[in-house]
Each structure stands twice: as structure tokens, then as C-alpha cells.
1. Counting only protein heavy atoms and a 1.4 Å probe, tell me what percentage of segment 53-115's accessible area is made up of carbon and sulfur.
2. How do the peptides 126-137, 229-240, 347-358 rank, highest first, by the average count of neighbouring beta carbon atoms within 10 Å per residue?
3. Just round it to a whole percent: the fraction of Cα-Cα distances in segment 172-250 exceeding 22 Å.
4. Which semi-axis lengths, in whole Å and largest first, follow from the square roots of five times the eigenvalues of the Cα gyration tensor of the chain?
5. How large is ³J(HN,Hα) for each residue in segment 170-177, as worked out from phi by the Karplus curve 6.51 cos²θ - 1.76 cosθ + 1.60 (θ = phi - 60°), to whole Hz, x for Gly and Pro?
6. Two decimals is fine: what is log10 I(q)/I(0) at q = 0.10, 0.18, 0.20 Å⁻¹ for segment 93-244, from a Debye sum with one equal scatterer on every Cα and no solvent?
7. Taking amide H atoms as placed 1.01 Å from N in the peptide plane, list the residues 5 or more away in sequence, or in a different chain, whose amide H sits under 5 Å from that of GLY197.
8. Is the C-alpha gyration tensor of segment 38-140 telling us rounded, prolate or oblate? Criteria: a/c under 1.5 is rounded; beyond that, a/b larger than b/c is prolate, otherwise oblate.
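The values are calculated or read from the model by the stated rules, or taken from the named source; none is laboratory data. These figures come from a predicted structure and were not determined experimentally. Here the Cβ is made from the backbone with ideal geometry for all residues, glycine too, and neighbour counts use every protein chain on show. For the accessible areas, the whole protein counts, side chains as well, though only heavy atoms, and no ligand, DNA or RNA atoms are used. Shrake-Rupley method; radii C 1.70, N 1.55, O 1.52, S 1.80 Å.
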Amino acid sequence: MEKEIERKRVAIIGAGLVGSLSSVYFAHRGWDVLLFEKRPDIRKKENFAKLEKRSINLALSQRGISALSRTGLGLDKLILSKVIPMKGRMIHDLGGNQVSQAYGLPHQHINSVDRGMLNEELVNTAASLPNVTVIFEQELKQCDLDSGSLTFSSPEGQEHHYKVDLVFGADGVHSRVRGEIMKKTRMDYSQSFIDHGYCELTIPPKVLETGETDYEIDPNHLHIWPRHSYMMIALPNLDKSFTCTLFAPLDIFDSIKTEAQLMELFEKDLADAIPLIGREALVKEYFTNPKGSLMTIKCKPYHFKGRAVIVGDAAHCMVPFYGQGMNAGFEDVEKFFDILDKSGQGSGASPTDLSLMESCLDEYSTTRHPDVVAICDLALHNYVEMRSSVVSFSYLARKRLEAI
Ligand code: FAD
């Protein structure tokens, strides 16, 4: 009788965007993959709507697309068939004029993608692979990184125990895996909030006389209302709506306590957005929707021996102004496997060599850190660019157009 090959086992903590993509990479290489998620099945719409507090749509760029394509399963094509290309910024000035600023050459663009759809497709792909087990409603509570022994708890308080060769922490900004690595290594760690927060609003589709719907504003742009100390942006959705995000100093959010105060701000600075969002909906959404905070997290190293590593927001959280948090997280996975594959440790069928694995994880921490820090810093810088610097450019562009 043929002896069954013993597969290496990885526990991926977090079935968010980065964890679910990682599970496909591991599975493709023959690992026995356990993908754990503390939330209920995010593919069920009622769960997603209830639980998701973060941005509804995201900008997917080449960095993220490359990582999707490297799965070899056509994930890039699948996702790109469900995005809206944004070829430039559309600057809305105080007078309601709109000026387009191209991102690059005519064929170059970023893409607006629905977070729920993307996460769902990634989890569906992972779950369709025979060597992946997706386990929802299991929260990592404890891990002994030396032995790879993990304890999870279900919402009913039941404990479940697993033993794995590698712990892969994709458990987001408040990562428990990062906390465990921190206890065992000389990890440098910094976390800093900015004094600005955000609130999401919606521009619904326009209803035409025929009863059909259309976009209120050009769908192939990322719309920006730059107001120097703050800004609003809008990204298109496939249902012809836009998700707007108002980014502003926390003082502004704190000072708006009544409908009149909200309308005073919008009438003064964002007047053209009022009919797009609708006055009633604007008031309702503003006072109902959560106000999110924004921070940067940097740390190093990302690993413990050959036993555990963190990726995505668990390893680096950045403010969203460069639209690169998820994209960089996807790139983490690509870079991680480049190193693992080169060493031979990428294959789930190759026996675990802890010292080789440790040198791979060490190489990953060392080579990935400078790039990640650069993106975090660029993201902070781009807030100034988006809320202020683009204005003078748009002014010049308009003047140039007027002169033609
Ligand atoms: P997460 O998406 O946070 O997923 C972590 C998962 O782990 C979650 O599902 C969580 O439930 C689970 N988990 C946590 N702890 C445990 C545990 N103990 N046990 C089991 N499961 C656990 N990025 C872009 O690239 N482009 C953009 O345009 C963009 N726009 C953004 C706009 C805003 C307003 C914000 C806030 C962020 C934006 N980002 C953007 C950043 C992007 O959202 C994040 O970088 C991305 O979600 C990180 O993915 P992740 O999988 O690492 O973490």
C-alpha cells in the first residue's frame, strides 16, 4: 500500500482579505490549510452587513492584482470582471466645477472593488480547494508558538485545540498573533493615531424617466472634494451608487451635533454633494454611521523562529489615503512565497525544516520591512496631497483648459 505523504499544516488566523488569499497560496502548494475566522460566515449577506464596519469599497491597484494573478486560478480575471476602472481623480471645487486629473496614460487606472464581493470570492475559492478547511466563529484565544498548539473559542464558549507546523497571522490591526510574537521576540512596535477620522455616506443611483438607473457623476473617476483641512471622496459601485467617505479632523466631527450644523458645513463647503446624496439621507447617514479612527502601525520583526509570521494589517496598518493597505497585504503574500519557494519550504509535501523555515521568515522580515514602512509613510503624506495639493493643480488645469 502506498504511504500517504504527510502534509505540513498551517493555521491561518483571519479569513479577511489577506488571510483568505493566503489560504489559496498555501493550498496550491499542497499544505493542509486551516483557515480560522472569528466572525460568522462572511459570505452570508446578513452577516456581512451586520459586522462590517470598514470601507464598503476599496481601490485595487496593480500591486494587489499581481498577487491575485499569482494564485494561477484566474482570480485576477474573476475580480477584474467585477470592478469599475477609475482612470483619474475628479476634483470638485467650491463652485461645483469638476476637473479631471488623469492618473497616468489612457490605459492606466486603479479599480473600485466591493470589499464584500472580494472577500466572498476569496473565501469561496479557498473553500473549493480540497486541502482547505474554513472554520468560522472560532476566535484564537491562546497560542504556544514553540509547539504550534492553538486554542480557539466558539461564541458558546467551547474550546477547540489544534496543532500546526506554522501559524500565519492575518488577524488584522488588533492581531493576537502579533501580541504573541511580541512576547517572544525583541519586536519594535509603534502605533500612532492621526487627529482625523472618517464617516461613510452614499450617493444613490439616479433614476431615469424610463425607470432605469444611472450614475449621478462619472463612474470612471475617484471623486475628491478637497477642502484643505479635510476632504470627501467618492468611489463608484456596480449598482450605480457611490460610497463617499468624509475624512475630517475629529474636532469637526465632535462639533457637529445637530442637523443645522451638518447642513451649514455642507452648504458652505460641499454644496454640490447635497443633491447627489439627498438632504434627508445625508442627515440620517451622518448621524447613524460609525465614525472610524485612523492609525499607522509599524513593527519588526514579523516572525518568531520558523513557527509564526504576521501579514497584512496585523503587520502594518496604514492610513487609507494611498489606497494601499489591502494591496500591500496582498503583496506580502506574494513576497512571502517568493522566499519560501526559493528555499524549497513552500511545498506542503516537503518535510518541515525548522531552521530553514526560520531563515526564510527572517529574510521575509528583513526584506519586507523597508518597503512596508515606505508605503505607510507615503500614505500619510498623500492625505495632504489629496485634501490640499490637488486644488492648486486643478486650478491650473482649468485655467489651461479655459485658455484653449
Ligand atoms: P482585516 O481585513 O482586518 O481581516 C482580519 C480578519 O481577522 C477579520 O476577518 C477578523 O475578524 C479576523 N480576526 C481577528 N482576530 C481574530 C482572532 N483572534 N481569531 C480569528 N479571527 C480573527 N486598502 C486598499 O488597498 N485600498 C483602499 O482603497 C483602502 N481603503 C480603505 C478605506 C478605509 C476607510 C479603511 C479603514 C481601510 C482601507 N484600506 C484600503 C485598508 C484595508 O481595508 C486593509 O488594509 C485590509 O482590510 C487588511 O486586510 P487584512 O486581511 O490584513 O485584515
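1. 55
2. 229-240, 126-137, 347-358
3. Values: 1595 of 3081 pairs.
In whole percent, the long-distance tail amounts to 52.
4. 41, 21, 21
5. For segment 170-177, the Karplus-derived couplings read 10, 9, x, 4, 9, 3, 6, 5 Hz, x marking Gly and Pro.
6. Rounded to two decimals, the profile gives -0.67, -1.17, -1.30.
7. HN-HN under 5 Å from GLY197: ALA248, LEU250.
8. Because a/c hits 1.5 or more and a/b fails to exceed b/c, segment 38-140 counts as oblate.
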